[in-house]
């Protein structure tokens, strides 16, 4: 698979940004943020995005719905170290009836450190596929095309 170039959201799409100061425990023996921690950073940013552009994720849970992660892609461009301030920018790349794809740009200062994407399928508490409720899908579609 080819490395993704640092990109941003589609023109006019809503974004959210989350700052995170890297803790020592998030680093590995080389002093670099362990790759598995990036999945946590993406999840935090995705939850903030939902809070800001749809509804708090806990409201989905209260309805017995979840966005199950079906794919994670991360291209690491530069190392991130203890005490670095990481900013995760997130947006919706695609939205379908029962799934969505989120894009991410991760930066430390002016430097791009990673680009990522996650894909999610709406499921019920038993893991069966469900459509994203219309009111949520409409808000998310509006956030994708804010221009």
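Applying the set (1) over 16 Å from residue 10 (Cα atoms); (2) outside any loop (DSSP other than H, G, I, E, B); (3) in contact with a strand residue (DSSP E or B) (Cβ under 8 Å, 6 or more places away or on another chain) to residue 61 leaves exactly one unmet item: (3).
Scanning region 106-147 for residues that are under 16 Å from residue 69 (Cβ atoms) and either surrounded by 12 or more Cβ atoms within 10 Å (Cβ to Cβ) or within 18 Å of the chain's Cα centre (by Cα) (or both) yields 116, 117, 118, 119, 120, 121, 122, 123, 124, 129, 130, 132. The set of residues in region 64-105 that are over 23 Å from residue 139 (Cα atoms) and either touching a helix residue (DSSP H, G or I) at 6+ places or on another chain (Cβ under 7 Å) or assigned to a loop (DSSP other than H, G, I, E, B) (or both) comprises 72, 74, 77, 78, 79, 80, 82, 83, 84, 86.
In region 111-136, the residues that are at negative phi and in contact (Cβ under 8 Å) with a residue 24 or more places away in the chain form Cβ pairs under 6 Å with partners that are part of a helix (DSSP H, G or I) and crowded, with 18+ Cβ neighbours inside 10 Å, at six or more places apart or across chains, as follows: 116/42; 118/42.
Only the coordinates and a few stated rules stand behind these numbers; no lab work does. Owing to the predicted nature of the structure, the values given are computational and were not obtained by experimental measurement. Using ideal geometry, Cβ is built from the backbone for each residue, glycine included, and neighbour counts are taken over all protein chains shown.
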